[in-house]
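Asker: I'd like to ask you about the structure that follows.
The values are calculated or read from the model by the stated rules, or taken from the named source; none is laboratory data. If you're wondering where the values come from, they're calculated on a predicted model, not measured in any experiment. Cβ placement follows ideal geometry from the backbone for every residue including glycine, while neighbour counts extend to all protein chains displayed.
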Amino acid sequence: MSGGIVVVGASLAGLRVAEALRGNGYTGRLRLVGDEHHLPYDRPPLSKQVLTGEWEASRTALTTPEKLAEAGIETVLGARAVAVDTEAVTLADGDRIDYDQLVVATGAAARTWPGAAPDGRVHRLRTLTDSVRLRTALADDGPMTVVGGGFIGLEVAAAARGSGLDVTVVELASTPLEPVLGPELGACFTRLHRAAGVRVLTGVPITSLQETPDTVAVRLADGTELVAAHVVVGIGAKPNNDWLAGLGLDDAAGVPCDARGRAADRVWALGDVAVWEEPMYGDCARHEHWTTAVDQAAVVAAAVLGRESGRPPALPYFWSTQYDVNFQLVGRPDLASSVHVLEAGEDGSDRGTVFAFTDATDRRVAVAAFHNPRRFLRLRRDLQQELTTAPVRR
Ligand SMILES: Cc1cc2nc3c(=O)[nH]c(=O)nc-3n(C[C@H](O)[C@H](O)[C@H](O)COP(=O)(O)OP(=O)(O)OC[C@H]3O[C@@H](n4cnc5c(N)ncnc54)[C@H](O)[C@@H]3O)c2cc1C
């Protein structure tokens, strides 16, 4: 065999694993294959600084052609992997790329509203192209409806409101983020957005979304009709692993891996596409977190070369910025059976509040801070230590 290591998915996880392979002394052939035409770029600013206009799109670049050339990382861009077998990856144009070891870093794709035209007034936000298109839409001045009160929907709402638009967020659950963080934290986000002038409608399903050349009408089950210039759909993402059916790794939940990212013989996966075993929690999970992709890249690069990463697994960590509020989360709130306030905010305000999530056995499984970075830093360290020393047994 002579294909060397092939990394499919040229974004955060793919780039970081390729760099770490070189950093670990791998000198063989190394190819980074991606379906986008851009070199790897960073996604968090797409719903923040790029959208608000604070950053030029080019500032999201994670690398340069010079750095890639220096590291001996070959790029194959604009190339979509459509199939795979135990020897090679097949691209959409029919080319086959042989591999000795395959690293899957194909991330996740934003779920879309059925029937929405790709270049119309209904937007999604996953790529640089999406973000630049949406930024243009924000300059339109017309009202905006955000479908889905998850992190991306709320960050878009904050950016749109910051641009002076009339913004409505529609969320099916009882509060934004309730399915992820529970109703207590969801209520903090509701208050934050309402205080900024966003209309937040919850608990009502959408029955239809109708686009005309100038508007989009969102109809709700209670009869409300919201007419906007643009609609942003933020209803989650699904892992990009359909192309892995040839290896039996196309499960809708993501690519199942062990705690070092091994999915099959000579096949590894990481980042948003991967479901890793999490020994500290005694189960498996997929995270759409920037830091998880970076942490896993170090582990996979070592494992592909037959080494240990030398560090205990890191806990999942996520942050979000909305207006001037910084939110941080560490751990697994999905395993919690209760949430309580660990530290109240200043003067009864939500700002500064720290929440602890505990499971049915009263073990702390996650901690979140609503604009309290200093306190969070300490709690994150403590939780990491607690779970490394005594993992949760399930
Ligand atoms: C708008 C936005 C804001 C975010 N904000 C935050 C934040 O504030 N905090 C945080 O922790 N996380 C945030 N995230 C999540 C974070 O960006 C992701 O966890 C991270 O990008 C995951 O990296 P990845 O490389 O695994 O996947 P991705 O970044 O999705 O990259 C996968 C790459 O593979 C390509 N690909 C897919 N299928 C194929 C194929 N068949 N063949 C070839 N290439 C393919 C994709 O086009 C893409 O380029 C945000 C994400 C988005 C979209």
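Asker: Wholly within the stretch 132-246, which strands (runs of 3 or more DSSP E) include no fewer than the required count, namely at least 2 residues that are of a type outside the set (A, V, I, L, M, F, W, C)?
Answerer: Values: elements: 144-147, 167-171, 199-202, 206-211, 216-220, 225-228, 230-233, 237-239.
Because the criterion is at least 2 residues that are of a type outside the set (A, V, I, L, M, F, W, C), the strands (runs of 3 or more DSSP E) in the stretch 132-246 that meet it are 167-171, 199-202, 206-211, 237-239.
Asker: Within the stretch 331-385, take every residue that is under 17 Å from PRO183 (Cβ atoms) and acidic (Asp, Glu) and give me the one that is farthest from the chain's Cα centre (by Cα).
Answerer: ASP350
Asker: Taking ALA88, is it surrounded by fewer than 19 Cβ atoms within 10 Å (Cβ to Cβ) and under 17 Å from the mean Cα position of the chain (by Cα)? Before you say what the answer is, go through the steps one by one.
Answerer: Values: surrounded by fewer than 19 Cβ atoms within 10 Å (Cβ to Cβ): yes; under 17 Å from the mean Cα position of the chain (by Cα): no.
No, not satisfied.
Asker: Can you confirm whether the stretch 290-307 contains a residue that is of a type outside the set (Gly, Ala, Ser), surrounded by 16 or more Cβ atoms within 10 Å (Cβ to Cβ) and closer than 17 Å to VAL392 by Cα?
Answerer: no
Asker: Go through the stretch 269-295 residue by residue and tally those that are farther than 14 Å from TRP319 by Cβ, within 7 Å of the ligand (Cβ to nearest atom) and either of a type in the set (Val, Ile, Thr) or outside the structural domain of PRO45 (by TED's automatic domain parsing) (or both).
Answerer: So the answer is 1.
Asker: Separate question: Got a sec? Which of GLY186, GLY162 is within 30 Å of GLY345 (Cβ to Cβ) and over 22 Å from the mean Cα position of the chain (by Cα)?
Answerer: GLY162
Asker: Now a separate question. Select from the stretch 123-132 the residues that are touching a residue at least 12 places away in the same chain (Cβ under 8 Å) and more than 10 Å from the ligand (Cβ to nearest atom) and write down the one among them that is surrounded by the fewest Cβ atoms within 10 Å (Cβ to Cβ).
Answerer: So the first thing to find is which residues in the stretch 123-132 are touching a residue at least 12 places away in the same chain (Cβ under 8 Å), and the list is 123-128, 130-132.
Checking the rest, the ones that are also more than 10 Å from the ligand (Cβ to nearest atom) come to 123, 132.
On the way: HIS123: 25, VAL132: 14.
In this case the residue turns out to be VAL132.
Asker: Let me ask something else. What's the total number of residues in the stretch 287-345 that are over 27 Å from ALA157 (Cβ atoms), modelled with pLDDT of 95 or more and of a type in the set (S, T, N, Q)?
Answerer: The total comes to 3.
Asker: Right, something else. Please work out if LEU32 is surrounded by 21 or more Cβ atoms within 10 Å (Cβ to Cβ), free of Cβ contacts under 8 Å to residues at least 60 places away in the same chain and either more than 20 Å from the chain's Cα centre (by Cα) or assigned to a helix (DSSP H, G or I) (or both).
Answerer: Judged against the criteria, LEU32 is a match.
Asker: Kindly list the number of the only condition in (1) in contact with a strand residue (DSSP E or B) (Cβ under 9 Å, 6 or more places away or on another chain); (2) surrounded by fewer than 17 Cβ atoms within 10 Å (Cβ to Cβ); (3) over 28 Å from LEU62 (Cα atoms) that fails for ARG111.
Answerer: (3)
Asker: Identify all residues within the stretch 191-210 that are surrounded by fewer than 18 Cβ atoms within 10 Å (Cβ to Cβ), in contact (Cβ under 8 Å) with a residue 40 or more places away in the chain and out of contact with any Ser or Thr (no Cβ under 8 Å at 6 or more places or on another chain); write none if there are none.
Answerer: ARG191, ALA196
Asker: Yes or no: the stretch 244-264 includes at least one residue that is among the basic types (Lys, Arg), within 14 Å of the ligand (Cβ to nearest atom) and either crowded, with 17+ Cβ neighbours inside 10 Å or touching a residue at least 24 places away in the same chain (Cβ under 8 Å) (or both).
Answerer: No, the stretch 244-264 contains no residue that is among the basic types (Lys, Arg), within 14 Å of the ligand (Cβ to nearest atom) and either crowded, with 17+ Cβ neighbours inside 10 Å or touching a residue at least 24 places away in the same chain (Cβ under 8 Å) (or both).
Asker: Identify the single condition in (1) touching a residue at least 60 places away in the same chain (Cβ under 8 Å); (2) surrounded by fewer than 16 Cβ atoms within 10 Å (Cβ to Cβ) that GLU56 does not satisfy, given that it satisfies every other one.
Answerer: With respect to (1) touching a residue at least 60 places away in the same chain (Cβ under 8 Å); (2) surrounded by fewer than 16 Cβ atoms within 10 Å (Cβ to Cβ), GLU56 is out only on (1).
Asker: Condition (residue is within 20 Å of GLU87 (Cα to Cα), in contact (Cβ under 8 Å) with a residue 12 or more places away in the chain and among the aliphatic types (A, V, I, L, M)) applied to the stretch 19-26: is it met by at least one residue?
Answerer: No, the stretch 19-26 contains no residue that is within 20 Å of GLU87 (Cα to Cα), in contact (Cβ under 8 Å) with a residue 12 or more places away in the chain and among the aliphatic types (A, V, I, L, M).
Asker: Would you check which residues across the stretch 19-35 are among the β-branched types (Val, Ile, Thr) and more than 15 Å from the ligand (Cβ to nearest atom) and list them?
Answerer: Correct list: THR27 only.
Asker: Still on this model: Mind listing just one residue for me: the one in the stretch 1-18 that is among the small types (Gly, Ala, Ser) and not in a loop (DSSP other than H, G, I, E, B) and, of those, farthest from the ligand (Cβ to nearest atom)? Give the derivation first.
Answerer: Of the residues in the stretch 1-18, the ones among the small types (Gly, Ala, Ser) are 2-4, 9-11, 13-14, 18.
Next, from what is left, pick out any that are not in a loop (DSSP other than H, G, I, E, B): 13-14, 18.
Values: ALA13: 3, GLY14: 6, ALA18: 11 Å.
Result: ALA18.
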